[in-house]
Amino acid sequence: MEPLRLGVVGAGVISQVAHLPGAEIAPNVTVVALCDSRSDLLAAVGERHHIPRRHDAVDGLLADPEVEAVDLCVPTIAHDALAMRALAAGKHVLCEKPMASTVARGQRMIAAAREADRRLMIGHHKRYDPGCEQAQAALAEGRIGHPRLATYLFGTGNWTGPAPRAPLASDQPAPAWAYEYPEGVEGGCERAYYESLLEMFTHITNLLRWLIGDPTWVLAAQPAEGPVRGTLTLGWGDPLETQAFCVDGPHYPTNAWNEVLTIWGDEGRVEVALPQNAYVNKPARVRLFDARTGADTLLPEAYGWAFAREIAHFAEGVRRDAPFRTEGTESLKDLIIAEAAARAVAGCLALPARLDYSQETVP
């Protein structure tokens, strides 16, 4: 199968540490073009990664006939506009998470993909981690019985620390940007919490939904200040059958990492310890406890890097016209959860708030 010819928009940290090296490892992708408005960074990153075609404006990359698909490694507020332009130009799109800064913006991306008859995938890389796949298989097989309680601690530090090469910097400033916020989310504390819900909690909600299904309720939402940015409690079922308590933090400036998901079921427990994202071929470690036998088993480590496997999955889905694990319509649900939690904190919704996942197209 011919490798997918990919153009990458954005030469910043996420591009250098994750997407470009991930594409180099993926067997079915070739990065043929790079775009960034910062000329020094464009040249340096293009040279480091041996990318032959370089564009200082998005229009040039989208007009490049060698580019079949676009990988968006840009700030969240730019995702929807750039995705829509790329789709209209006939390019398939892989977009970094979160999908967009509001549900409405995400809806427009989905509508644009349908209008252009092109593919849209969102880069929730944790679903492509081999360890997370082990946990998903164990849950699907019923090895812990029915899930009843989940706790997710997203305590992080310098996630780029384990990268094989330090990211290159630019002497030119990056374009200024800001978020758009849902209606009613106006206070500084509420807006900071919404930013946390977009940038950090979407990692949590997306993985939880893949492992135990879509929550039906936001039960509690609590912003915080300092190293802990907030908490979120979700519920499944009506009447309530399962709950998850999620924490964004503590976050430290040092090279520290403590990201652990534990799910308790009727018949056991699964614990997933996730690595710093920039580690190559260091997947999540999975421990299973069987309450029926007392066996406590650390599963054999399954090698593979989530970012490389994510990009390979995107290329295969485009080539075979096969479903993505993280379709745009699927990823929109994380924005629906984020908006509900933020609007509840702002006093616009009463808790518990039922989640409405029917918002797939432009109203």
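The values are calculated or read from the model by the stated rules, or taken from the named source; none is laboratory data. Just so it is clear, the model here is predicted, and its values are computed rather than measured. Here the Cβ is made from the backbone with ideal geometry for all residues, glycine too, and neighbour counts use every protein chain on show.
Being touching a strand residue (DSSP E or B) at 6+ places or on another chain (Cβ under 8 Å), in a strand (DSSP E or B), without any contact (Cβ under 8 Å) to a residue 24 or more places away in the chain and farther than 15 Å from G123 by Cα is true for just one of R5, R54. Which residue is that? I'd like the intermediate steps shown before the answer.
Values: R5 fails: without any contact (Cβ under 8 Å) to a residue 24 or more places away in the chain.
The match here is R54.
In this structure, is G328 crowded, with 18+ Cβ neighbours inside 10 Å and farther than 20 Å from R209 by Cα? For G328, the condition - crowded, with 18+ Cβ neighbours inside 10 Å and farther than 20 Å from R209 by Cα - is not met. Can you find a residue that is in a loop (DSSP other than H, G, I, E, B), among the β-branched types (V, I, T) and over 22 Å from V74 (Cα atoms) anywhere in segment 231-239? Checked segment 231-239: no residue is in a loop (DSSP other than H, G, I, E, B), among the β-branched types (V, I, T) and over 22 Å from V74 (Cα atoms). Residues that are among the acidic types (D, E) and surrounded by fewer than 22 Cβ atoms within 10 Å (Cβ to Cβ) were ranked within segment 97-137; the one that is nearest to the chain's Cα centre (by Cα) is E133. Taking each residue of segment 81-92 that is basic (K, R) and looking for partners that are part of a helix (DSSP H, G or I) with beta-carbon atoms closer than 8 Å, six or more apart or interchain, yields R85/V58; R85/L62; K91/L62. Of the residues making up segment 1-21, those that are out of contact with any Leu (no Cβ under 9 Å at 6 or more places or on another chain) and closer than 18 Å to R309 by Cα are M1, E2, P3, L4, R5, I14, V17, A18, P21.
Of the residues E301, E271, the single one that is within 25 Å of A150 (Cα to Cα), assigned to a loop (DSSP other than H, G, I, E, B) and among the charged types (D, E, K, R) is E301.
Count, please, the residues in segment 240-268 that happen to be part of a loop (DSSP other than H, G, I, E, B) and either modelled with pLDDT of 90 or more or under 19 Å from the mean Cα position of the chain (by Cα) (or both). Give the derivation first.
Of segment 240-268, the ones part of a loop (DSSP other than H, G, I, E, B) are 240-241, 249-256, 266-267.
After this cut, where a residue has to be either modelled with pLDDT of 90 or more or under 19 Å from the mean Cα position of the chain (by Cα) (or both) as well, the list is 240-241, 249-251, 266-267.
So the answer is 7.
Note on segment 301-357: residues that are within 29 Å of W236 (Cα to Cα) and of a type in the set (F, W, Y) total 2. Could you look through segment 13-32, keep only residues that are over 17 Å from P164 (Cα atoms) and surrounded by fewer than 22 Cβ atoms within 10 Å (Cβ to Cβ), and pick out the one that is farthest from the chain's Cα centre (by Cα)? Top of the filtered list is V32. Under 22 Å from V31 (Cβ atoms), in contact with a strand residue (DSSP E or B) (Cβ under 8 Å, 6 or more places away or on another chain) and in contact (Cβ under 8 Å) with a residue 60 or more places away in the chain, is that true of K126? For K126, the condition - under 22 Å from V31 (Cβ atoms), in contact with a strand residue (DSSP E or B) (Cβ under 8 Å, 6 or more places away or on another chain) and in contact (Cβ under 8 Å) with a residue 60 or more places away in the chain - is not met. For segment 57-72, the candidate set comprises residues that are in a strand (DSSP E or B) and touching a His at 6+ places or on another chain (Cβ under 7 Å); within that set, the residue that is surrounded by the fewest Cβ atoms within 10 Å (Cβ to Cβ) is A69. Residues being crowded, with 20+ Cβ neighbours inside 10 Å and closer than 26 Å to A342 by Cβ are entirely absent from segment 40-56.
The residues on offer are E199, E225, E180, and the sole one that is surrounded by fewer than 18 Cβ atoms within 10 Å (Cβ to Cβ), out of contact with any Ser or Thr (no Cβ under 9 Å at 6 or more places or on another chain) and either without any contact (Cβ under 8 Å) to a residue 40 or more places away in the chain or in the same structural domain as V286 (by TED's automatic domain parsing) (or both) is E225. Residues in segment 289-303 that are on the phi < 0 side of the Ramachandran plot and free of Cβ contacts under 8 Å to residues at least 12 places away in the same chain: T293, A295, D296, T297, P300.
Testing L34 on (1) part of a loop (DSSP other than H, G, I, E, B); (2) touching a Gly at 6+ places or on another chain (Cβ under 6 Å); (3) not acidic (D, E), one condition comes back false. Which one is that? Looking at each condition in turn, L34 falls short on (1).
Applying the selection to segment 226-259, what residues are at positive phi and in contact with a strand residue (DSSP E or B) (Cβ under 8 Å, 6 or more places away or on another chain)?
In the first step, residues of segment 226-259 are kept if they are at positive phi; the result is 226, 230, 237, 249.
Residues satisfying the conditions are G230, G249.
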